[in-house]
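Where a number appears in this text, it was derived from the coordinates with a stated rule and is not lab data. A quick note: this is a predicted structure, and the numbers were derived from the prediction, not measured. Virtual Cβ from ideal backbone geometry, glycine too; neighbours counted across all protein chains shown.
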Amino acid sequence: MSRYRRLYVPGGTYFFTVTLADRSATTLVDEIDLLRSVYGAVVREHPVTCNAMVVLPDHIHAVWTLPEGDADFSIRWKKIKGRFSKGCQATGNPSPSKAARGEKGIRQRRFWEHAIRDQTDFQRHVEYCWWNPVKHGLVSAPEAWEYSSFRRVGETHAAKGETDA
């Protein structure tokens, strides 16, 4: 069995990528209400500060800051992925090992994480989240993608009478 080396920093800030098994699928946006519900329930159980997030049809990018003294981002992603898969209407093409474990085969088992090193690294990864839908040709500007925290930040600035200029 593979042993993954992860850097667990209590109260740390991380960038994550979580991906579907079928990179041509649109399951995450097709089932966005379920994903939002699952995410909300897990974050109520295991709080995080979501600094940035974007949901694309086949993958998610997020920048999270964990609570002081807490380094267990893995339990959060395990619960989000598991509950989403369980409630999801989509079916995948599970490998024999996934089928043997009762998995639907709609998501990749693992996720990728990067520990944020400094403010420049933080800003770079937040902007990566927001510009990812543009990079993938889904929209022409970050504010046009409805499944992004960019919209939340813009709404916050607008409510305060600020602009993003």
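The loop-placed chymotrypsin sites (Phe, Trp or Tyr not before Pro) in segment 1-82, going by DSSP, that have at most 14 neighbouring Cβ atoms within 10 Å of their Cβ come out as Tyr4, Tyr8. Counting other C-beta atoms within 10 Å, and keeping those with at most 16, which DSSP coil trypsin sites (Lys or Arg not before Pro) do you find in segment 1-55? Those that pass, being in a loop and sparsely packed, are Arg3, Arg5, Arg6, Arg23. Annotation: amide H-H contacts under 5 Å for Ala52 (H modelled 1.01 Å from N, sequence separation of 5 or more, or interchain): Val63.
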